[in-house]
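*Asks:* I'd like to ask you about the structure that follows.
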Amino acid sequence: MPRFYRRSRKAGLPPGTLQPPVKARREEVQISLFSYSAEKWEKVETNKIEEVLAHPDGATVRWINLDGVHDTGLLEQIGNRFGIHPLVLEDIVNTDQRPKIEQYEDFVFVVLKMLRYTDERRTVEGEQISILLGSRLVISFQERPGDVFDPIRQRIQARDSRIRKSGADYLVYRLLDTIVDNYFVILEKLGERIEDLEAELINRPSRESLQEIYHLKREVMYLRKSVWPLREICNSLEREDSPLVTESTEVFLRDLYDHTIQVMDTLENFRDMLTGMLEIYMSSMSQRMNEVMKVLTIIATIFIPLTFIAGIYGMNFDPESSPWNMPELKWRWGYPLAMAVMVLLAVSMVVYFRKKKWL
């Protein structure tokens, strides 16, 4: 799933032009409708928007969910039916939006990231989810099928659930809370990887360790970018004087705000730990290099006098020409004596280095 998008294709186009991303999925958009009240609930799954739009409003809360945002004609139909501003539809189609909240006269528009952790690739993948809160109406737009909202759907089907007894604003809170709760699952996965990496750095750091550090830093940065604006969203939903958000739901929104702060604190801790691990890795590699250089230096130091002796006796001065020209070459025990001196010199230097704790 790409994390960065090019928007240069929209250069020069009028505001509100719907142009889906180049790599957007082209499967048929799947639509689901949950209509519920304290007494009953109804579920409709279809790929025809007409069946959903023809559903009577009544006194129930309706949750319309669309899997796919590439069908601009379908989005325009929804926009015309519910009075959604063209700029909002444009933000829904352009799936590189920063998480945000916008207050309109008849509805509240929220954009955020729904994240998943893939065990196969060991990466965090995300998709944009856009939510519209209206009077007894919630519309959610997802990039592709599959989400984390199954527990909410199950609660809607339970007769004694709080969702059935509450309004559309509480449903939006549950959607946001479920997304944020899933962030904690991702944090646990990343936390386990960071712990394993920390043990690896202490025992056997390698080039793969450095790659893992940078990969985890990238994941944490992506998470932080997705979570940081959620504080603004929670604050705005709680404090803005909107008739669409009841006082009873504001209590839950404050709890959601606390959860986002916990996620941010954990991410900051992860970022600090990874920065420290990078420093540990560099220090460890530097220490290993220093140890190698120390051993090589000691070996070279031991061989310097030996090389000096071997160099002297490797000179071609004929002792026959002069008694001063290396008379040792004619000694009976000259060679063994020279070797003994070399060995004694090398052993003495090793003992001296150990006494100085250089070895």
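*Asks:* Considering only residues that are touching a strand residue (DSSP E or B) at 6+ places or on another chain (Cβ under 8 Å) and of a type in the set (Phe, Trp, Tyr), look in segment 51-106 and name the one that is nearest to Ser37 (Cα to Cα).
*Replies:* Ranking the qualifying residues of segment 51-106, first place goes to Trp63.
*Asks:* Grab the strands (runs of 3 or more DSSP E) fully contained in segment 1-110, keeping just those with 2 or more residues being within 29 Å of the chain's Cα centre (by Cα) and either modelled with pLDDT under 90 or surrounded by 12 or more Cβ atoms within 10 Å (Cβ to Cβ) (or both).
*Replies:* Of the strands (runs of 3 or more DSSP E) lying wholly inside segment 1-110, those with at least 2 residues that are within 29 Å of the chain's Cα centre (by Cα) and either modelled with pLDDT under 90 or surrounded by 12 or more Cβ atoms within 10 Å (Cβ to Cβ) (or both) span 61-67, 100-103.
*Asks:* Mind checking whether some residue in segment 282-289 is under 30 Å from Val227 (Cβ atoms) and either open to solvent by 40 Å² or more (accessible area, probe 1.4 Å) or in contact (Cβ under 8 Å) with a residue 12 or more places away in the chain (or both)?
*Replies:* yes
*Asks:* Here's a follow-up. Does Leu344 satisfy the condition of being part of a helix (DSSP H, G or I) and open to solvent by 60 Å² or more (accessible area, probe 1.4 Å)?
*Replies:* yes
*Asks:* Which of the residues spanning segment 290-309 are over 52 Å from the mean Cα position of the chain (by Cα) and either open to solvent by less than 80 Å² (accessible area, probe 1.4 Å) or among the polar types (S, T, N, Q) (or both)?
*Replies:* Pro305, Leu306, Thr307, Ile309, listed by residue number.
*Asks:* Which condition breaks for Ala338 when tested against (1) open to solvent by less than 70 Å² (accessible area, probe 1.4 Å); (2) at pLDDT below 80; (3) part of a helix (DSSP H, G or I)?
*Replies:* (2)
*Asks:* Same structure, new question: Scanning for something at pLDDT 80 or above, among the charged types (D, E, K, R) and in a helix (DSSP H, G or I), does segment 347-359 turn up at least one residue?
*Replies:* yes
*Asks:* Right, another one. Among the residues of segment 153-176, which ones are open to solvent by less than 20 Å² (accessible area, probe 1.4 Å) and assigned to a helix (DSSP H, G or I)?
*Replies:* The answer is Ile156, Ile163, Arg164, Ala168, Asp169, Tyr170, Leu171, Val172, Tyr173, Leu175, Leu176.
The values are calculated or read from the model by the stated rules, or taken from the named source; none is laboratory data. Quick caveat, the model's predicted, so the values are computed rather than measured. Counting neighbours? That spans all protein chains shown, and the Cβs are built from the backbone with ideal geometry, glycine included. All accessible areas refer to the heavy atoms of the entire protein, side chains included, with ligands and DNA or RNA removed. Shrake-Rupley method; radii C 1.70, N 1.55, O 1.52, S 1.80 Å.
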